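Working notes, beginning with the structure itself.
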Amino acid sequence: MLEALHHSSKSWVVRILFALLIISFGAWGIGDVVRTVTSDSTAVEVGPVKISIEELVKEFDREVGRLRPLFGGKLTSEQAREMGLLDRTLDQMVARTLYQLEAKRLGLSVGEKELQLTILGVPAFQGEDGKFNKALFQGTLADNNWSESAFLNLLRSDIARGQLLGSVTGTVHVPKVLSDLFYRFRFERRVADILLADADAMPLPPAPKETELAEFHQANAKKFTSPEIRSIQVMHMTQDALTAETKPSDAEIEEEYRVRIEDYTTPEKRIVLQMLLGDEDKAKAAAQQLSEGGDFAKIAKSLANMDDQAILLGRIEKRDLPGELAGPAFALEKDGVSAPIKSPLGWHILKVTAISPASPKPLSEVKSQIAKDLALANASKALSSLSAQIVDEVAGGARIEEAAQKYKIKLLRMGPMDAKGNDLAGKPLKNLPAADKLLELAFSTPEGADSNVIELDDGILGVKVEKVVPAALKPLSEVMTAVRADWNDSQRRKTAEERAAKGLERLKAGASLASVAQEFGFKMKSTAPFLRDAPTSETGLPSRLVASLFKLKPGESAMSPTPEGAMIVRLGRIVSADPTGTADNHSEIAQALEQGLAGDLLDQFTNALAARYGVNKHSQTINNYFNRP
């Protein structure tokens, strides 16, 4: 078994582990075996392992940061929690811990050699020459907020975990007869003949009585009701608005420059060559040859199989190197060569061929940026203090108008508007600050009252509701023309449906499509072959009729109302799918089935591990930290 576990790890690591170097398991469905308890600092207990709230927060923040670019950089932690990302993150951490515990129980471990070979074989860490590139490795880790030591520890545990999971899911195989069955189901196509009963082609009904229109008006009150309208005053203060008031003095700028001189200094850079050897004996041999005056590049080629491009780390800063290499590299003099240095990747020998000393930028060059940074920092502090005072005062009973006057904030009058932010003409109002939050406050606060003042990412927001005009059904006399038109439309649609129902009866009784179309004045057409999941834009059919057609036999018919009237369909023919003719699609079906079966096995395995080790979730700690009810 252990041999099978070992071999399963290699493909798993390449396929799963290095997707953006972020390990992201799905929610494994372990809720049925999770017991909720309370604690002060522990988020969840998995067997003997305690995961702290700090660890959960760090992992959650990492996930939010990873997903934020997909939302245009605007995903907040609160939004991520509402999307369920916090719960998913916790499930991921629980699952990883369960796998680590089981791997440890089975004695699965990863040696330094296997760890090194895994890293060297990752395409994401290889240069254009197909060889491992240390700078690319470090840059990739930095892009994903991983230190080298943290990543290596995570990689070691993930390889062991991969061995474990590979033994569970690596043997899943879908029989060809099953994949053929699913292929035929998935890619079967059908052709339908259609009769269209267009409501617009139906005759106008007799003129309605006043009582009929009145009943129709009441029955469709929602359509003829004007929305609730509100007029409000808005208190909105942003950091940008305070920036102009927090302009720093020249003395403050000079002091900031002095304190942060390192930030304005171009750091020392060095051109560094690196020889990476697999074992200590080779490293000692290389060091001996170098001490005897040997050429660095030739020795690297001979003992490490590294060419001129591979040994060049480039012009780098100290921060570009891991700790075990940074110190020695930046302690060397020009043309100096280091002693062999051991790291998890092997043995390194470094040579410095050029040094560019650090040089501070003059104050005149960075003054405007320092002024801008200080103004923003001052505005942020001022806003934080102002926000806290106003929020507390309004929560304590002060009126928004009083707070605005006290802190010299101009109130904005907005409205009349509906709950969607539209004016009386139904057009969107422009320049609504924090529109979603504003409308939520405006339409949840009673008339004449003030809302709570809430803190935004870049400011504060509060609302006073001045006037509320309730939603009301418009008088029939005011909307008579629209009511009459809608009543006529409804009657014509009813006629279309009635004629379609009679046409369906004729077809079931054996009449031809052409004769039914002629008798009732229907339009007739046919579809191209379509799949069972084909969209309406492709078939011209409502989804419910598509579903019906995949249940009918050739020659059978069905009907359904449509927004335009009604539609009758008859199944013309079935185009069977041949699984032997399209290898690509068949392969996709087989892979999807294998993934589904593997996922089911993994769910069961994870549930079994949760039952074996125990999972105790400290909901109160989590909810208290994230202010969740």
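Using a cutoff of 8 angstrom between alpha carbon atoms and counting only pairs six or more residues apart, the relative contact order for the chain works out to 28 percent.
Rounded to the nearest 10 degrees, the angle from helix 210-219 to the longest Cα principal axis of the chain is 20 degrees.
Note on Lys74: lysines with a C-alpha under 17 Å away, same-chain residues under 8 apart excluded, are Lys437. The long axis of helix 250-259 is offset from the longest Cα principal axis of the chain by roughly 60 degrees.
Separation of the alpha carbons by more than 23 angstrom is noted, of Lys223/Lys523; Lys58/Lys381; Lys113/Lys134, for Lys223/Lys523; Lys58/Lys381. Relative protection proxy for 531-543, 606-618, 221-233, from highest mean packing down: 606-618, 221-233, 531-543 (other beta-carbon atoms within 10 angstrom). Accessible surface area normalised per residue over segment 400-492 is 60 Å², counting heavy atoms of protein chains with a 1.4 Å rolling probe.
The aspartates and glutamates within cross-link reach of Lys284, meaning a Cα-to-Cα straight distance under 14 Å and a gap of 8 or more places when in the same chain, are Glu292. The 3J(HN,Hα) values that the Karplus relation (6.51, -1.76, 1.60; θ = phi - 60°) gives for segment 97-104 are, in residue order, 5, 4, 5, 5, 5, 5, 4, 5 Hz. Gly and Pro appear as x.
Averaged over residues, the count of other Cβ atoms within 10 Å places the peptides 61-73, 292-304 in the sequence 292-304, 61-73, highest first.
Partners of Lys222 within straight-line reach, counting aspartates and glutamates whose Cα lies under 16 Å from its Cα and excluding those fewer than 8 residues away in the same chain: Asp418, Glu478, Asp486. Each residue, Ser512 and Ser384, gets one label point 7 Å from its Cα in the Cβ direction; the gap between the two is 8.4 nm. Taking the longest Cα principal axis of the chain as reference, the axis of helix 53-67 is set at about 70 degrees. Here, segment 380-446 yields an orientationally averaged convex hull projection of 5.4 nm² when only Cα atoms define the hull.
So for segment 194-338, what percent of the C-alpha to C-alpha distances run longer than 25 Å? Percent of Cα pairs beyond 25 Å in segment 194-338: 67. In this structure, Glu324 and Glu505 have a Cβ-Cβ separation that, at R0 = 60 Å, corresponds to a calculated FRET efficiency of about 0.10. Computed 3J(HN,Hα) for segment 384-401, one whole-Hz value per residue from the Karplus formula 6.51 cos²θ - 1.76 cosθ + 1.60 where θ = phi - 60°, is 4, 5, 4, 4, 4, 5, 5, 4, 5, 5, 5, 5, x, x, 5, 7, 4, 4, glycine and proline marked x. Summarise the accessible area of segment 444-525 (1.4 Å probe, protein heavy atoms) by the percent that is carbon and sulfur. The C+S portion of the solvent-accessible surface of segment 444-525 is 47 percent. Over segment 139-187, the reciprocal of the mean inverse Cα-Cα separation, the Kirkwood hydrodynamic radius, stands at 14.2 Å. Under conditions of 37 °C and 0.692 mPa s, the chain yields 100 µm² s⁻¹ as its translational diffusion coefficient, taking Rh as the Kirkwood radius over Cα pairs in the Stokes-Einstein equation. Of the solvent-accessible surface of segment 193-303, computed with a 1.4 Å probe and all protein chains present, 50% belongs to carbon and sulfur. The helix-based estimate of mean residue ellipticity at 222 nm for the chain, built from -39,500 (n - 2.57) per DSSP H run of four or more residues and divided by its residue count, is -15000 deg cm²/dmol to the nearest 500.
The values are calculated or read from the model by the stated rules, or taken from the named source; none is laboratory data. Please read these numbers as outputs of a predicted model, since none were measured by experiment. Glycine gets a Cβ as well: all are built from the backbone with ideal geometry, and neighbour counts include every protein chain shown. Note: areas computed on protein heavy atoms with side chains; ligands, DNA, RNA excluded. Shrake-Rupley method; radii C 1.70, N 1.55, O 1.52, S 1.80 Å.
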